[in-house]
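Each remark here refers to the structure printed beneath this line.
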Amino acid sequence: MAVITFVSQLAHQEQDAWLALLSTKLPNEAIKLDKDLSVEQKLQCEIAIVANPDADILSQYPKLIWVQSLWAGVDALVSQLSDNKPTPSFKLVRLIDPILAQTMSEAVLTWVLYLHRDMPKYLQQQKSAQWLQHRYLLPQERTLGILGLGELGKLSALRLYENGFNVLGWSQSDKLINGITCYSGDEGLVTMVRQTDILICLLPLTSATYQLINEDLLTNLPQGASIINFARGGIVANHDLINHLANGNLEHAILDVFEQEPLDKSDDLWSNEKITVLPHISAPTHFESAGEIVTNNIKQYRSNDQIPFYIDWNKGY
Ligand code: NAP
């Protein structure tokens, strides 16, 4: 059986831990670091497992059939592989993990409750010993709009609905999800955003979603709305966001993702009192669970030649 290559730019310790886990779960496979493969082995290799790889390395593998990512977000790899280049001949499979979706929905619920119960205002008030009670709204009086109803967005929408919120969602294709009012298309976006008190972004970063949260979209949000971006930094036009926070149209923004990560120490976002900066922690890959899913994908493929759900190079996700 041909060798499976492991291509990553992870720190050595992390890389070794993944390799040990995957090899234990796949005792009948030979999984080796890219750097340890001979030219002949590279020419024969059909499967790659990747984590933040140097995309150019994959071009050394002419017989690759599919590439399994250990991460759920593969936008950077997709753009390195396909921007201004011929479509790759192999399929790219991202991590789809129900545990990750649970973790993301927990983060979404946590930060929605933080905004719903006016935590940013009370935090500011404490700094000046200000005793001021804001009007309490019931969850059903708060409308939440979710951009993206995929693996992470759908479960998050349902979790918010279970907690009593009025939940709307927007996706590329039309959807029917019990309890959630679903929209699609440009008009659907405007209709949803106009009703939204807290906008939650769980879209993939593609050429269609790059800076989607911009002046036009922000203008359509009701006065005093807030934003949560747990998807990718490039989806938000930061300059427009900062203006809308400064002029009071927007109340608060919670940002977990940035175009440049880590966020530069000198970036003004850190000190903006209307922005909560998080260091990309809303849904980290769960080592054991991801290992289980990735190795099951490979076992399935060996038994029936079926490649798991893969990225559509045209759509970019
Ligand atoms: P997914 O399963 O691919 O779902 C994407 C959703 O967005 C789908 O509902 C899709 O619509 C919709 N969509 C895509 N392009 C669209 C467009 N142009 N217009 C309208 N809707 C569009 O993605 P996911 O696994 O849920 O991941 C969501 C995001 O979370 C990604 O950006 C990922 O990188 C990020 N992420 C962040 C963290 C973190 O820790 N911060 C961790 C993991 C993932 P259809 O359903 O109609 O296709």
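The values are calculated or read from the model by the stated rules, or taken from the named source; none is laboratory data. Just so it is clear, the model here is predicted, and its values are computed rather than measured. Here the Cβ positions follow ideal geometry from the backbone for every residue, glycine too, while neighbour counts run over all protein chains shown. SASA here: full protein model, heavy atoms, side chains in, ligands and nucleic acids out. Shrake-Rupley method; radii C 1.70, N 1.55, O 1.52, S 1.80 Å.
To keep it simple, each residue is scored yes or no on (1) in a loop (DSSP other than H, G, I, E, B); (2) open to solvent by 20 Å² or more (accessible area, probe 1.4 Å); (3) within 16 Å of the ligand (Cβ to nearest atom).
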residue: LEU241; (1), (2), (3): no, no, no
residue: HIS252; (1), (2), (3): no, no, no
residue: PRO308; (1), (2), (3): yes, yes, yes
residue: ILE311; (1), (2), (3): yes, no, yes
Qualifying residue in the range 190-204 (condition: part of a strand (DSSP E or B), free of Cβ contacts under 8 Å to residues at least 40 places away in the same chain and more than 19 Å from LEU115 (Cα to Cα)): no
When every residue in the range 54-78 that is more than 18 Å from PRO308 (Cβ to Cβ) and buried (at least 17 other Cβ atoms within 10 Å of the Cβ) is compared, the one farthest from the ligand (Cβ to nearest atom) is TYR61
Scanning the range 142-166 for residues that are over 17 Å from ALA231 (Cβ atoms) and touching a residue at least 24 places away in the same chain (Cβ under 8 Å), the one surrounded by the fewest Cβ atoms within 10 Å (Cβ to Cβ) turns out to be GLY164
Conditions (1) out of contact with any Pro (no Cβ under 9 Å at 6 or more places or on another chain); (2) open to solvent by less than 50 Å² (accessible area, probe 1.4 Å); number of the one not met by SER207: (2)
In the range 156-186, the residues that are of a type in the set (Asp, Glu) and more than 12 Å from the ligand (Cβ to nearest atom): GLU162
Taking the conditions exactly as written (buried (at least 22 other Cβ atoms within 10 Å of the Cβ) and not basic (Lys, Arg)), does LEU202 satisfy them or not? yes
Residues that are open to solvent by less than 80 Å² (accessible area, probe 1.4 Å), without any contact (Cβ under 8 Å) to a residue 40 or more places away in the chain and over 18 Å from the mean Cα position of the chain (by Cα), drawn from the range 267-301: ASP267, LEU269, ASN272, ILE275, ASN296
Assuming ASN84 fulfils every condition listed in (1) modelled with pLDDT of 95 or more; (2) open to solvent by 70 Å² or more (accessible area, probe 1.4 Å) apart from one, which condition is it? (1)
For SER226, all conditions in the list (1) touching a strand residue (DSSP E or B) at 6+ places or on another chain (Cβ under 6 Å); (2) within 15 Å of the ligand (Cβ to nearest atom) hold save one; what is the number of the exception? (2)
Cβ-Cβ under 9 Å, sequence separation 6+ or interchain: first residue in the range 7-26 and among the small types (Gly, Ala, Ser), partner assigned to a helix (DSSP H, G or I). Which pairs? SER8/GLU14; SER8/GLN15; SER8/TRP18; SER8/ASP34; ALA17/PHE287
Among residues belonging to the range 12-36 that are open to solvent by 20 Å² or more (accessible area, probe 1.4 Å) and assigned to a loop (DSSP other than H, G, I, E, B), point out the one that is nearest to PRO308 (Cα to Cα). GLU29
